[in-house]
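Taking it in order: structure first as structure tokens, then the write-up.
The values are calculated or read from the model by the stated rules, or taken from the named source; none is laboratory data. All figures in this text were calculated on a predicted structure; none of them were measured in a lab. With ideal geometry, Cβ positions are generated from the backbone for all residues, glycine too; neighbour counts draw on all protein chains shown. Calculation scope for accessible area: heavy atoms of the full protein, side chains included, ligands and nucleic acids excluded. Shrake-Rupley method; radii C 1.70, N 1.55, O 1.52, S 1.80 Å.
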Amino acid sequence: MRLALTLAACCLATACAPTAEAPKTETVATTPDFTAKGMTARTLPELADALSSGKLSSEVLTQAYLDRIEAVDRNGPTLQSVLSLNPDALAQAKASDARRAAGESLGPLDGVPILFKDNIETLDPVATTAGAYALKDNITERDSPLVAGLRAEGAVILGKTNLSQWANFRSESSVSGWSALGGQVRNPHMLDRSPCGSSSGSGAAIAASLAAGAVGTETNGSIICPSNVNGIVGFKPTVGLVSQQHIVPISASQDTAGPMTKTVTGAAMMMDAMVLDYPIQDAFGYANRLDASSLNGKRVGVLRFAQGETVDIQDRFNAALKGLEAAGAELVEISEFNSGVENYGQKSYDVLLYEFKDGLNEYLANAAPAVTSRNLETLIAFNKTNESEMAVFDQSIFDKAQAKGELTEDTYITARDDVQRGTGVEGIDRLLRENDVDMLVSPSGPVASRIDPINGDVWPSWAGAGYLAAVAGYPHITVPMGDVHGIPIGLSIMGGAGQDAEILSYGYAFEQATNLRVDPQYLRNAEDRPELAKALSAK
């Protein structure tokens, strides 16, 4: 789909020669200003405060987001980050305003509009599709427990976000952010750059101020990566803390949903609603335990082996480390790591293939009656007859998953146990213990590559070690640590199982000490950056 962008300037300086009378000036193409202003530019906690104090109504706020989605997501830069809208959103907002007027507010999130990745079921009259035609009529009329938790606190269910189809688990040559139903999600910072997957729509939507908060899901990097490249906060909780019921699955051992917001406080507030049964250690909630001084006196394990080869990322990472030190942390260098698992890559992939087949078969068997594909085998057959599904990439992962057996097979059990040991007990746990540190930090990922529907995802040298937390099922947060030529990058903070409150607080302390989030500029490409346009022009 073409971008509906117009240039404010007629041409690049290198394309048009000045007249004899005109002064010789250097100009650079600019884009219209789609920057959020007013209430939509505010963060989730700021909006919650404005709603609570009566300075803002939920109806006005919800309409403002709906208008901005029309202007920026459907038109303008055409981000395509929101796949569907809830027709009951405004009614929910009006109900919230009525509750507040009656002194019956349900909590701090009452009236706050939230978007959900479109693999998460809600009882609203909106299908849960995973971006696929096979599920386009999957209106189940049931809430995932995390949605029920947010709804119980009065959050407005604004709609569903686009995603990498089937949460980026359909093809080995996939394009992050593309789905057959929603098209290609665009990164609002630079429109030809990948929004990363699979919670790409959630990441782009929050960066572009299309909702106060969003929920993404992660199996291995699908909250952290889109949060990293879109310049927002993303939190992946300990697996099992947030219920995965009524969410289109990939992996029973790794899947989790998590909040994606502009600030750590917003993420913590959402977690307070999404977690229905608090662990004993988190009984006071997550937002109440955020402490700007929580890094003071803490030992931080610096994962140098995961900092990547990109000099710009290393520079931002080193600057972030100075921010940690300024907040009172002590840095401990960790230069190497070996999981000790033979054939780790193949084993971790096999675990996903086995669990995907098992989980998806169960999900499809209980999908809405209108869904005709009731297991993976019939889904594969459906896709073969639908040209729109196969227009960009194949279903090689589906085929490999279908060839796997049952979860009782020794191959699966051994692989699962090996990779969880190598990332958990012999991974994060060992790194924390042997280096006597409270947390592990690294870059959250690489600088976003270009969207490439011809070759599929082509990423530069990878930075980060998020796979450790993903496979082990441990908590992980990414917080913005600046940008490289306008493309955001983040700092990852990981910890042991159940240390969710601590990791959120460490992320909050870093955020408060550095404040490195950048707003998107909706540039067409790198040549819209003045320093790059000058460097790339003919001399």
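Here are a few things to note about the model shown:
- Single unsatisfied condition, Val392 versus (1) closer than 16 Å to Gln254 by Cα; (2) surrounded by 15 or more Cβ atoms within 10 Å (Cβ to Cβ): (1)
- Looking only at the range 345-389, and only at residues there that are without any contact (Cβ under 8 Å) to a residue 12 or more places away in the chain and of a type in the set (Gly, Ala, Ser), the one that is farthest from Ala132 (Cα to Cα): Gly345
- Sole residue being open to solvent by less than 50 Å² (accessible area, probe 1.4 Å) and part of a strand (DSSP E or B), chosen from Leu83, Leu79, Leu66: Leu83
- Of the residues making up the range 22-63, those that are of a type in the set (A, V, I, L, M, F, W, C), modelled with pLDDT of 95 or more and part of a loop (DSSP other than H, G, I, E, B) are Phe34, Ala36, Leu56.
- Qualifying residue in the range 150-160 (condition: crowded, with 24+ Cβ neighbours inside 10 Å, under 27 Å from Arg450 (Cβ atoms) and out of contact with any Pro (no Cβ under 7 Å at 6 or more places or on another chain)): yes
- Residue list for the range 395-411, restricted to those being surrounded by fewer than 22 Cβ atoms within 10 Å (Cβ to Cβ) and of a type in the set (Gly, Ala, Ser): Ser396, Ala403, Gly405
- The lone exception for Glu325 - which of (1) open to solvent by less than 30 Å² (accessible area, probe 1.4 Å); (2) of a type outside the set (Lys, Arg); (3) in a helix (DSSP H, G or I); (4) closer than 22 Å to Leu440 by Cβ it fails: (1)
- Which listed residue is in contact with a His (Cβ under 6 Å, 6 or more places away or on another chain), over 20 Å from Met260 (Cβ atoms) and either open to solvent by less than 10 Å² (accessible area, probe 1.4 Å) or not acidic (Asp, Glu) (or both), from Arg100, Arg142: Arg142
- Any hit, the range 270-278, residues being acidic (Asp, Glu), within 13 Å of Pro237 (Cα to Cα) and open to solvent by less than 10 Å² (accessible area, probe 1.4 Å): no
- If you check Thr414, Thr423 for being open to solvent by 30 Å² or more (accessible area, probe 1.4 Å), over 20 Å from the mean Cα position of the chain (by Cα) and at pLDDT 95 or above, only one passes: Thr414.
- Within the range 484-507, the set of residues being surrounded by 21 or more Cβ atoms within 10 Å (Cβ to Cβ) and within 24 Å of Leu210 (Cβ to Cβ) comprises Ile487, Pro488, Ile489, Gly490, Leu504, Gly507.
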